1. Using 7 Å Cα-to-Cβ label points, what is the Asn225/Arg139 separation (nm, one decimal)?
2. At 0.36 nm per residue, minus the direct Cα-Cα distance, what do Phe327 and Asn125 gain on full extension? Give it in nm, one decimal, please.
3. Skip the ligands, DNA and RNA, and give the accessible area per residue of the chain with a 1.4 Å probe, whole Å².
4. Compute the Cα gyration tensor for region 286-327, then decide on rounded, prolate or oblate, letting a ≥ b ≥ c be the square roots of its eigenvalues: rounded whenever a/c is under 1.5, prolate when a/b is larger than b/c in the other cases, and oblate in all that remain.
5. Within 10 Å, count the other beta carbons around each residue, average over each peptide in 125-134, 285-294, 158-167, 298-307, and list them highest first.
6. Given 10 Å bins starting at zero, what is the percent of C-alpha pairs of the chain in each, up to the one with the largest pair distance?
7. Ignoring any ligand, DNA or RNA, what whole percent of the accessible area of region 236-356 comes from carbon and sulfur when the probe is 1.4 angstrom?
8. Which of Gln38, Gln248, Gln344 moves most in a GNM of the chain, Cα contacts under 10 Å?
Amino acid sequence: MNKIVTIVGARPQFIKAATLSRQFKLFGIDEKIIHTGQHFDSNMSEVFFEEMEIPKPAYQLDIHGLTHGAMTGRMLEGIEDILIKEKPDGVLVYGDTNSTLAGALAASKLHIPLIHVEAGLRSYNMEMPEEINRILTDRISNILFCPTDTAVKNLEREGFDNMPIRIIKNGDVMQDAAIYYAAKAEQKSDILTKINLSKFILGTIHRQENTDSPENLRNIISGLNKINHSVPVIVPIHPRTRNILAQQNIVPEFRLIEPVGYFDMIMLLKSCELVITDSGGVQKEAFFFGKHCITLREQTEWVELVDNGFNVLVGSNSEKLGSAFEFFKTKTSDFSIDLYGKGQAAKVIAEILQKA
Ligand code: UDP
């Protein structure tokens, strides 16, 4: 493939795209980026393009703040127009957002080969919009790049190995990003001076199953409030979660800060005692930076972290959260095991697509 159109729209996709875009350039592949606009605040989008030197999107669709159906529908229409004009050799989508699904549908209906990066992940929770997006995208893709052995097995179990498509385990492009940007983050970030805490726990909360249930959100906040009495908790808060906390009149006692850029996030991950999150990406980043993680979900797609004792799932149960916090206080782990490819994932993709 000489020309690829990449679809991005949400924060984790910018981070994934950063490493692969650099490899595309090195391999002489012409890449055009479409930004759907799903995340649009400057601290949820622009900061990543600047810091991580991601090529400027060739197209900005500016579609956000709509229901799932309206958002996906408008993106589909916008992306289709561009693909008809650009006629790429392949369309690449990342992960599991509405932008992923819209890009996948647009490409497959135009018979343009579809490449899914971060394929094969499953939570087996069909109430998660992300699960629907992943399953449908995988099903209509031509090349599936899987980050883990579990992801490959999930696809085989669903019969994908009998289909005329390619399934490749390439590792996790997010580990490439963590390794590549860690030194830059040390130089550029001043977040540790700003927060001025010698010991702290890093949290993030944004998953719909937590934010859209006032009961779940109250339980999580009350669990974090208790932990905050022993070790200060600091949470860069997702704009959606901030709005819901205000609407529900839930007042955290721990410290909320605005969403941070990736360099600041790396420094927070490197320096914290423990990570508490419902994010997919942050669970892995905790591992990349040698930290234990408590996951505020009932399931995870990153089961190898739980199987190896780095991560504990507590859902929104504040008592389980408290027990997991006590458990990790004294636990030590060796984080050197290679679960995600150790930084070579994007190179594998570029090499394969150049020959495809
Ligand atoms: N992230 C960030 N700043 C923040 C919170 C998260 O840079 O204030 C990064 C985080 O390090 C990870 C990515 O955003 O690389 C994860 O995105 P998010 O949690 O929004 O999505 P998910 O991974 O759950 O799909």
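The values are calculated or read from the model by the stated rules, or taken from the named source; none is laboratory data. As the structure is a computational prediction, the values presented were derived from the model and not from experiment. Heads up, the Cβs are rebuilt from the backbone with ideal geometry, glycines too, and the neighbour counts pull from every protein chain shown. Each accessible area value is taken on the protein alone, full model and side chains, heavy atoms only, with ligands, DNA and RNA left out. Shrake-Rupley method; radii C 1.70, N 1.55, O 1.52, S 1.80 Å.
1. Label-label distance for Asn225 and Arg139, simple model: 4.3 nm.
2. 70.0 nm
3. Numbers: 14850 Å² over 356 residues.
Ligands and nucleic acids excluded, the result is 42 Å² per residue.
4. Oblate, since a/c reaches 1.5 and b/c is not below a/b.
5. Working: 125-134: 16.6, 285-294: 23.0, 158-167: 13.0, 298-307: 18.5.
Per-residue Cβ counts within 10 Å, averaged per peptide and sorted highest first, yield 285-294, 298-307, 125-134, 158-167.
6. 5, 25, 35, 25, 8, 1
7. 48 percent
8. Ranking Gln38, Gln248, Gln344 by mean-square fluctuation puts Gln248 first.
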